[in-house]
Amino acid sequence: MSATFYHRPALASRLSKLILNVAVGSAAGSGVFLAAPRRTGKSTFVREDLRPALEEAGAIVLYADLWKDLTKDPGAVIVEAVREAVGRSEGFITRLAKSAGMEKVTVGGLNFSLDRIGLGKDIDLTSALVALSDESRKVIVLMIDEAQQAITTEQGAAALFALKAARDELNSSKHHGLRVVCTGSNRDKLAMLRNSKDQAFFGASMVEFPTLDQAFIDWFCANVDLPAALDPATVFELFEECGFRPELLGAAADEIRFDFSLDPSQVAVRFAECVRAQANELQANLKKVIHSLTPVQSAVLRVMSVKGDDFAPFEAPTMALYAKAMQQAAVSEQQAKAEISNVQQALIALQEKNLVWRASRGVYAVDEPVTVELLQAAGMLEGLD
Ligand SMILES: Nc1ncnc2c1ncn2[C@@H]1O[C@H](COP(=O)(O)OP(=O)(O)OP(=O)(O)O)[C@@H](O)[C@H]1O
Ligand SMILES: [Mg+2]
């Protein structure tokens, strides 16, 4: 085990069982969704703990990170993950090439290009995954990090549908199973992938992914190596206060390490100050952005925050709520006009400010739950439901 990460083997093995051994009546075969707030260690856990646990349990794991390269279409990233897995073995390639009607295959891939696998290509994702399943006789787990990105483009949505078809085929008794595990930081957004019947993962299980716990803090305090020891109980309170984000602790420790004039007796106090200062800075930036919104933009953001999943941007009751929200903000009756075109512009502006996120079909969500929390704490959501 590496010293740079705190590992959670017990959680990994529990989740791995949930993913692989689908119990009677469980929806896990449709897919498993893991949601937790930003920067709380989802990707680290998936890469460092869950993936090895799944592999140890005998699965082939494919990993697609839809945030790794934002210039690539999410659909293309998913296809690449499949190609990469198929490309790992000549056996799969031979089998695939045959299924594509190429009898003479030059093993070594000379006659067969992985480019032929893809959406709308001669070898679709289902055939590729079926070949992988039959050849390996193992269950395949496809992990998609930041899966909500997939529904922001047509190609991404198409890839999800292709995966749904592949999943249904591979989970039949003829093959060895396909599990799709999606992670993301926003529950509302992830929920869009499974809530409506026309979405690819209707009915998939949503698991609230546990944040790092006291044991992580114990590990952190034992290994942080500062001029004086930190008290794990106090540090845990700080950690909780700051949204369970390990980076804030790490950065505070760095500040102390580089502060050569600090007296060891002051370490604990200074550490707490540093953590809080960073958390406040993050909040202050967000507040600034929120306070610079126009009345319509602010109204749209607040109504969206209140409505969550049920937000329908242009329906009459929603329009009335915008007007109400603007009046609350003491905008004069004359200025407080919510018109479709205003609202449209506001939605675009909010996206540009990264406050709001849009799925390809015009479904919107507040980008980060902290924004909602901040509005709530400031009393800006009162009277809007
Ligand atoms: N188990 C751990 N041990 C030590 N550090 C960790 C652990 N998990 C996360 N971290 C640290 O916390 C930070 C955020 O982790 P990570 O990127 O995994 O979070 P995330 O939830 O995937 O974030 P994002 O919302 O940006 O995708 C990283 O700097 C990482 O090194
Ligand atoms: Mg991540």
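Working carefully through the options V331, V363, find the one that is modelled with pLDDT under 90 and more than 18 Å from L381 (Cα to Cα). Just a single option satisfies the conditions, and that option is V363.
Filtering F220, F201 for residues that are within 17 Å of A150 (Cβ to Cβ), more than 16 Å from ligand 2 (Cβ to nearest atom) and of a type in the set (F, W, Y) leaves a single hit, F201.
Selection of helices (runs of 4 or more DSSP H) fully inside the range 70-143 by the criterion of at least 2 residues being modelled with pLDDT under 75 returns 90-99. Among residues of the range 248-264 being over 12 Å from L226 (Cβ atoms) and touching a residue at least 12 places away in the same chain (Cβ under 8 Å), the one that is most open to solvent (accessible area, probe 1.4 Å) is A251. I'd like to know if the range 137-159 contains one or more residues that are open to solvent by 10 Å² or more (accessible area, probe 1.4 Å), of a type outside the set (D, E), within 16 Å of ligand 2 (Cβ to nearest atom) and on the phi < 0 side of the Ramachandran plot. Yes, the range 137-159 contains at least one residue that is open to solvent by 10 Å² or more (accessible area, probe 1.4 Å), of a type outside the set (D, E), within 16 Å of ligand 2 (Cβ to nearest atom) and on the phi < 0 side of the Ramachandran plot. Could you list, ordered by first residue, the pairs with Cβ atoms under 7 Å in which the first is in the range 71-91 and assigned by TED's automatic domain parsing to the domain that holds L163 and the second is part of a loop (DSSP other than H, G, I, E, B) and open to solvent by less than 50 Å² (accessible area, probe 1.4 Å), at least 6 apart or interchain? Every condition considered, the pairs that remain are D73/T153; P74/L66; P74/T153; G75/T153; V77/L66; V79/G118. Only residues that are within 16 Å of ligand 1 (Cβ to nearest atom) and surrounded by 14 or more Cβ atoms within 10 Å (Cβ to Cβ) were counted in the range 228-247, giving 11. Considering only the range 167-184, how many residues are open to solvent by less than 10 Å² (accessible area, probe 1.4 Å) and not aliphatic (A, V, I, L, M)? Qualifying residue count, the range 167-184: 4. Going through (1) under 30 Å from A312 (Cβ atoms); (2) open to solvent by 60 Å² or more (accessible area, probe 1.4 Å) one by one, V296 falls short only on (2).
Residue count for the range 271-297 satisfying the condition of being of a type in the set (G, A, S) and more than 26 Å from the chain's Cα centre (by Cα): 3. Counting only residues that are more than 8 Å from ligand 1 (Cβ to nearest atom) and either open to solvent by 20 Å² or more (accessible area, probe 1.4 Å) or under 30 Å from E240 (Cβ atoms) (or both), the range 55-76 holds 15 of them. Checking each residue in the range 189-218 for being open to solvent by 60 Å² or more (accessible area, probe 1.4 Å) and out of contact with any helix residue (DSSP H, G or I) (no Cβ under 6 Å at 6 or more places or on another chain) picks out N195, K197, D198, F202, E208, D213.
None of E315, E352, E281 is over 13 Å from Y364 (Cβ atoms), open to solvent by 80 Å² or more (accessible area, probe 1.4 Å) and either in contact with a Cys (Cβ under 9 Å, 6 or more places away or on another chain) or not assigned by TED's automatic domain parsing to the domain that holds A252 (or both) except E352.
The values are calculated or read from the model by the stated rules, or taken from the named source; none is laboratory data. Computed from a predicted structure; not experimentally measured. Here the Cβ is made from the backbone with ideal geometry for all residues, glycine too, and neighbour counts use every protein chain on show. Note: areas computed on protein heavy atoms with side chains; ligands, DNA, RNA excluded. Shrake-Rupley method; radii C 1.70, N 1.55, O 1.52, S 1.80 Å.
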